[in-house]
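The values are calculated or read from the model by the stated rules, or taken from the named source; none is laboratory data. Worth saying up front: this structure is predicted, and the values here are computed from it rather than measured. Positions of Cβ are generated from backbone atoms using ideal geometry, with glycine treated the same way; all protein chains shown enter the neighbour counts. Note: accessible area is taken over every heavy atom of the protein model, side chains too, but ligands, DNA and RNA are not part of it. Shrake-Rupley method; radii C 1.70, N 1.55, O 1.52, S 1.80 Å.
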Amino acid sequence: MTQHLITVLPGDGIGPEVVGEARKVADAAARIFGFQLKWLEFPFGAGYYLEHGLVLPPAALDDLAEGEAMLLGAVGDPRVPPGPLEQGLLLALRFHFDQYLNLRPALSFPGVPTPVALPDGYRLDAVVVRENTEDFYMGLGGRGAGRLDQPLETRRGLYELSGRLNLELKPGEEAAFSLGLMSRPAVARIARKAGAIARARGEKKITVASKANAVPHLYGFWDEVSSQTLSREFPDLEAARINVDALCYLLPRQPLDYGVILCPNLFGDIVSDLLSALAGGLGLAASGNIGDGLSMFEPVHGSAPGLAGTGRANPLAAILSSALMLRHLGREEAAWAVERAVLNYLQSPGRPFELGGRDPVQAVGDQVASLLHP
Ligand code: NAD
Ligand code: IPM
Ligand code: MN
């Protein structure tokens, strides 16, 4: 029987609970379709960091690379200040494995109310195509008093950078900076992905989020390279450039007007949470961090520490992320069966707490698994 080795990072907060249900459902689908998933679990996250003083041991990257795909819960914990875990683990993995496409579908479900009413019989069906390696996520920055003098070194799949930023401030005056950066090949490859996804969906238009009016160096370059790539390689598609503030205004007013939304890293993060709300909730929003090597699947949401251990976490986003993972493994039938089972569960009387019901996290997983059919 074919076996797929999956590396798993349950992570923090509700991560382990929702990943447990995703594994349960994916295993049940594998049984039905005659293959096996072998899970190799790693303990990284807040607990490991607090115990060992280290987010990710260097050798771990090679161990994680053993898998055919990776499944992640979420990282982030109130005992650790914002940054070290998110940057040192989640972003480090996206960058190390050059997972340059963050695919974030936003799909509403019949029977799940949306905050903006949709016409009868219509589903919101949009997808954020988020550049996942650059922009203000470069991790290049620093702070200082009197002067900012900072070595800048980083490595991506496409390049290595090294240099230095040196700025004089007034004596004793304190300041901080973060460098946003975009490179032509990175913008071109994500535009190319967005074009291919739009074409496969039969779209006529791609929405390109930007903010070149306020930050012309960075987002002007984003507009230029993405529109050159799209017009050259996808002349059949209209590239509709829009400032991200206007996009956030228009999305809730006319959510059905949008299909593929191409975003730089930072705006993609924000727009995907907004779209998840419009589609019914963060607990339904799945995502994939996809590259040419190891890809990693995870819910859009975070570790929701306040919900951990209460049974109130909605595991459907993690379950739907495992469906994206199954599709990536070439298990289209199993992926589709998981998505159909979620759809059927949401049309049954059962509901997770997030959607106004009383099904604890494990009960949601059990019911979805029981609704799987070949
Ligand atoms: P969050 O996504 O964890 O929570 C936002 C809101 O949505 C909260 O009200 C939460 O209770 C709710 N929510 C999220 N997931 C839910 C689910 N499955 N079921 C029901 N309700 C759910 O965002 P946050 O509060 O900004 O972040 C909490 C921590 O998670 C922080 O440390 C943050 O850095 C981290 N984070 C990690 C990831 C990741 O690992 N991919 C993503 C986002 C945030
Ligand atoms: C996400 C998260 C991460 C991001 C954080 C935790 C670094 O919000 O995956 O959406 O900003 O990409
Ligand atoms: Mn986010």
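Scan region 278-291 and give yes if some residue there is farther than 27 Å from Val244 by Cα, touching a residue at least 40 places away in the same chain (Cβ under 8 Å) and not assigned by TED's automatic domain parsing to the domain that holds Ala126, otherwise no. Please lay out each step first, then the result.
So in region 278-291, the residues farther than 27 Å from Val244 by Cα come out as none.
No - not one qualifying residue is present in region 278-291.
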Exercise for the section: Report yes if some residue within region 251-267 is at negative phi, within 13 Å of ligand 2 (Cβ to nearest atom) and open to solvent by 10 Å² or more (accessible area, probe 1.4 Å); otherwise report no. Expected result: yes
Practice task
Collect the residues in region 53-91 that are in contact (Cβ under 8 Å) with a residue 24 or more places away in the chain, more than 16 Å from ligand 3 (Cβ to nearest atom) and hydrophobic (A, V, I, L, M, F, W, C), keeping them in residue-number order.
Solution key: Val55, Leu56, Leu61, Leu64, Ala65, Ala69, Met70, Leu71, Val80
Handout entry: Cβ pairs under 6 Å, 6+ apart, first in region 329-353 and outside any loop (DSSP other than H, G, I, E, B), second acidic (Asp, Glu) and at pLDDT 95 or above
Key = Pro352/Asp359
Handout entry: Where Gln362 falls short, out of the listed (1) open to solvent by 10 Å² or more (accessible area, probe 1.4 Å); (2) farther than 14 Å from Ile14 by Cα
Key = (2)
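Out of region 276-320, which residues are of a type in the set (Ser, Thr, Tyr), touching a helix residue (DSSP H, G or I) at 6+ places or on another chain (Cβ under 7 Å) and away from ligand 2 (no atom under 14 Å from the Cβ)?
From region 276-320, those of a type in the set (Ser, Thr, Tyr) are 276, 287, 295, 303, 310; that's our starting set.
Then drop every residue that is not touching a helix residue (DSSP H, G or I) at 6+ places or on another chain (Cβ under 7 Å), which leaves 276, 287, 295, 303.
The one that is of a type in the set (Ser, Thr, Tyr), touching a helix residue (DSSP H, G or I) at 6+ places or on another chain (Cβ under 7 Å) and away from ligand 2 (no atom under 14 Å from the Cβ): Ser295.
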Exercise for the section: Tally the residues that are buried (at least 17 other Cβ atoms within 10 Å of the Cβ) and more than 18 Å from Pro110 (Cβ to Cβ), restricting the search to region 338-358. Expected result: 1
Exercise for the section: Name every residue in region 293-306 that is buried (at least 20 other Cβ atoms within 10 Å of the Cβ) and away from ligand 3 (no atom under 16 Å from the Cβ), in order of residue number. Expected result: Leu294, Ser295
Practice task
With the condition kept exactly as written, say whether any residue in region 226-243 is within 16 Å of ligand 1 (Cβ to nearest atom) and either of a type in the set (Asp, Glu) or part of a strand (DSSP E or B) (or both).
Solution key: no
Practice task
Give me a count of the residues in region 96-138 that are more than 22 Å from Ala341 (Cβ to Cβ), part of a loop (DSSP other than H, G, I, E, B) and open to solvent by less than 10 Å² (accessible area, probe 1.4 Å).
Solution key: 5
